[in-house]
Structure formats: structure tokens, C-alpha cells
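The structure appears right after this line, and notes come after that.
The values are calculated or read from the model by the stated rules, or taken from the named source; none is laboratory data. Since the model is a prediction, treat every value here as computed from it, not as a measurement. FYI the Cβ positions are ideal-geometry reconstructions off the backbone, even for glycines, and counts take in every protein chain you see.
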Amino acid sequence: MRNRRQSGAYTGSRDSRLTAVEMTCSREASLTEANDSGFKIVLSTCPNQMEAEQIAHSLVESQLAACVNLLPGALSVYRWEGKVESAQEVLLAIKTSAANVDEVQRSIARLHSYAVPEFVVLDIAGASRGYAEWLAASLK
């Protein structure tokens with residue numbers, strides 16, 4: 001049987017397995033310091049799938065976003081013009097950079113049917129090195 005480092009199989013020998021501390025250190029070493037990278041996730045909602053896809057394609061094609069996840073079926077409860085409303089919406093999770101945030105906001109405002117589209121920016125606290133490299137390569 002090959003040892004764990006070659007095959008992932010546990011052989012029972014101390015020399016062939018990683019301790020919990022070693023595995024934690026190994027995982028931490030593979031994460032980027034995303035705080036320095038400036039990557040962001042922008043959240044926005046759309047009233048339907050068609051509008052969500054139009055915005056997502058526009059952002060990715062223009063390299064303002066590396067990826068946009070469309071999450072249909074979000075039930076939003078909110079106050080609008082003094083009344084509590086609810087609506088089924090499609091949530092967009094837009095992966096971008098700090099440098100692109102203002103342009104992403106302008107694009108959403110231009111393409112969106114809502115008078116006041118949701119636009120919430122979250123920091124990415126950490127990402128795998130490979131994913132962070134892909135993000136950087138996918139954005140302008």
C-alpha cells in the first residue's frame with residue numbers, strides 16, 4: 001500500500017500520515033492573503049432569470065466579473081415606498097476586484113429594471129491560491 005502522501009490512503013504508520021497540525025499548516029499555506037488581493041463579491045438581485053443572465057453575461061464578457069453565480073428562488077422581504085413587500089428573485093453573486101467595483105455598479109444600474117437595484121460589496125477574506133490566480137487572470 002502506498003503511503004498517504006502518494007495516494008491519500010492511511011497506512012497506520014506515523015511516518016506515512018499527516019497530523020492535524022501538519023494538515024492545518026498545509027491548508028493555510030495554500031490560501032492566498034485575499035485581503036491584499038482586493039477581490040470582492042458583489043450581491044445583487046434580479047426579478048427574473050432572463051434579466052439575471054443578461055447582467056451576468058455582460059459582466060463576464062466585459063471582464064468586470066470572473067464569474068457570476070445565479071441563485072434562483074430567493075425570497076426577498078423588504079420595505080418599499082412605506083409597505084412591506086415580498087418577491088421571488090434571482091440572487092447574483094458576482095466575483096470581481098476592488099478596481100472593478102464602480103464599473104460593475106454602473107453596469108448593473110444601466111442593465112437593471114429596478115429603480116434601486118441591490119448592490120452590496122463583500123470582501124473575500126481568503127481563497128485558494130489557484131482560484132485567486134484564476135480570478136486575477138479573468139478580470140481586466
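What the table shows:
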quantity	calculated
Candidate set: segment 61-88, residues that are more than 17 Å from ALA132 (Cβ to Cβ) and buried (at least 18 other Cβ atoms within 10 Å of the Cβ); chosen: the one farthest from the chain's Cα centre (by Cα)	LEU64
Any hit, segment 105-112, residues being in a loop (DSSP other than H, G, I, E, B) and among the hydrophobic types (A, V, I, L, M, F, W, C)	no
Every residue from segment 121-132 that is exposed (fewer than 13 other Cβ atoms within 10 Å of the Cβ) and under 22 Å from TYR78 (Cβ atoms)	LEU122
Positions within segment 49-98 being closer than 14 Å to GLU118 by Cα, among the β-branched types (Val, Ile, Thr) and touching a helix residue (DSSP H, G or I) at 6+ places or on another chain (Cβ under 7 Å), in sequence order	ILE55, VAL90, ILE94
Qualifying residues in segment 93-120 (those that are among the aliphatic types (A, V, I, L, M) and within 13 Å of LYS40 (Cα to Cα)) - the one surrounded by the fewest Cβ atoms within 10 Å (Cβ to Cβ)	VAL120
Residue pairs meeting the criteria (Cβ under 9 Å; at least 6 apart or on separate chains; first part of a strand (DSSP E or B), in segment 114-140; second at pLDDT below 95 and surrounded by 14 or more Cβ atoms within 10 Å (Cβ to Cβ))	ASP123/ALA34; ASP123/GLY38; SER128/LEU31; SER128/THR32
ALA99 at pLDDT 95 or above and assigned to a strand (DSSP E or B)	no
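Here's the yes/no breakdown for (1) modelled with pLDDT under 95; (2) out of contact with any strand residue (DSSP E or B) (no Cβ under 6 Å at 6 or more places or on another chain):
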position	(1), (2)
ILE108	no, no
VAL116	no, yes
LEU122	no, no
ALA125	yes, yes
LYS140	yes, yes
